[in-house]
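Undergrad: This is the structure, below, for whatever I ask next.
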Amino acid sequence: MTPDGEPAGLRSRVDDVLTGISAGCGRCGPTALRLSLALVFVWFGALKVTGDTPVEGLIGATLPFLSSDVTVPVLGLVEIGLGLAVAVGRALPVVLLVLAGHLAGTFLTFVTAPGLMVTDGNPLLLTADGEFVLKNLVLISAALVLVGREARGPRTVA
């Protein structure tokens, strides 16, 4: 028995399993993250191009000085292009920084249409649209993690 009351060797076996899982995550995680970002961008972009997006009104309110009949499909094409570029993986740091910049632009809605983002002017009470935009912080962070990983170059896991 160990001092923690565990059978001898159990902790070692658990540590070995966790180390193996961590190594697998280190090998597969970045690719899964990159491809999931690509899928989200292609999918959301395609919805905009086909006119099936639920965010057309949100985009129109964010960019009221532009025609949403043009802006929405153009944004969709940009998103499809970014998604495909992320999937292919060429010039990834540049593509991911552009992707992060595109996502950062979605926060303009908090400035141009705050009534769509928060309830009763309370920034802690997000609407569904506010939550939709705020989740982009996670996507931005994912892109930045991948940029940092690319900057370090390929890694091998022992």
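Undergrad: Considering only residues that are in a loop (DSSP other than H, G, I, E, B) and out of contact with any helix residue (DSSP H, G or I) (no Cβ under 9 Å at 6 or more places or on another chain), which ones fall in region 82-129? Outline the logic, then answer.
TA: Step one: of region 82-129, the residues in a loop (DSSP other than H, G, I, E, B) are 89-91, 113, 120-121, 127.
Of everything in region 82-129, those that are in a loop (DSSP other than H, G, I, E, B) and out of contact with any helix residue (DSSP H, G or I) (no Cβ under 9 Å at 6 or more places or on another chain) turn out to be R90, D120.
Undergrad: When you go through P73, P64 one by one, which is the residue that is touching a helix residue (DSSP H, G or I) at 6+ places or on another chain (Cβ under 8 Å), surrounded by fewer than 12 Cβ atoms within 10 Å (Cβ to Cβ) and more than 30 Å from R149 (Cα to Cα)? Don't jump to the end; show me each part of the working.
TA: Values: P73 fails: surrounded by fewer than 12 Cβ atoms within 10 Å (Cβ to Cβ).
P64 is the lone residue from the list that is touching a helix residue (DSSP H, G or I) at 6+ places or on another chain (Cβ under 8 Å), surrounded by fewer than 12 Cβ atoms within 10 Å (Cβ to Cβ) and more than 30 Å from R149 (Cα to Cα).
Undergrad: Next question, about the same structure. Return the residues of region 6-49 that are assigned to a helix (DSSP H, G or I) and small (G, A, S); say none if nothing qualifies.
TA: From region 6-49, those assigned to a helix (DSSP H, G or I) are 10-49; that's our starting set.
Residues satisfying the conditions are S12, G20, S22, A23, G24, G26, G29, A32, S36, A38, G45, A46.
Undergrad: Further question: Just one of A87, A91, A38 is buried (at least 19 other Cβ atoms within 10 Å of the Cβ) and either of a type outside the set (F, W, Y) or in contact with a Pro (Cβ under 8 Å, 6 or more places away or on another chain) (or both); which is it?
TA: Numbers: A87 fails: buried (at least 19 other Cβ atoms within 10 Å of the Cβ); A91 fails: buried (at least 19 other Cβ atoms within 10 Å of the Cβ).
None of the others qualify; the one that does is A38.
Undergrad: Considering only residues that are closer than 16 Å to D129 by Cα, open to solvent by 50 Å² or more (accessible area, probe 1.4 Å) and not in a helix (DSSP H, G or I), which ones fall in region 50-61?
TA: First pass over region 50-61, keeping only residues closer than 16 Å to D129 by Cα: 53-61.
With open to solvent by 50 Å² or more (accessible area, probe 1.4 Å) added as a condition, the list becomes 54, 56-57.
Result: P54, single match.
The values are calculated or read from the model by the stated rules, or taken from the named source; none is laboratory data. Keep in mind it's a predicted model, so treat the numbers as computed, not measured. Don't worry about glycine lacking a Cβ; one is built from the backbone with ideal geometry, like all the others, and counts go over all protein chains shown. Calculation scope for accessible area: heavy atoms of the full protein, side chains included, ligands and nucleic acids excluded. Shrake-Rupley method; radii C 1.70, N 1.55, O 1.52, S 1.80 Å.
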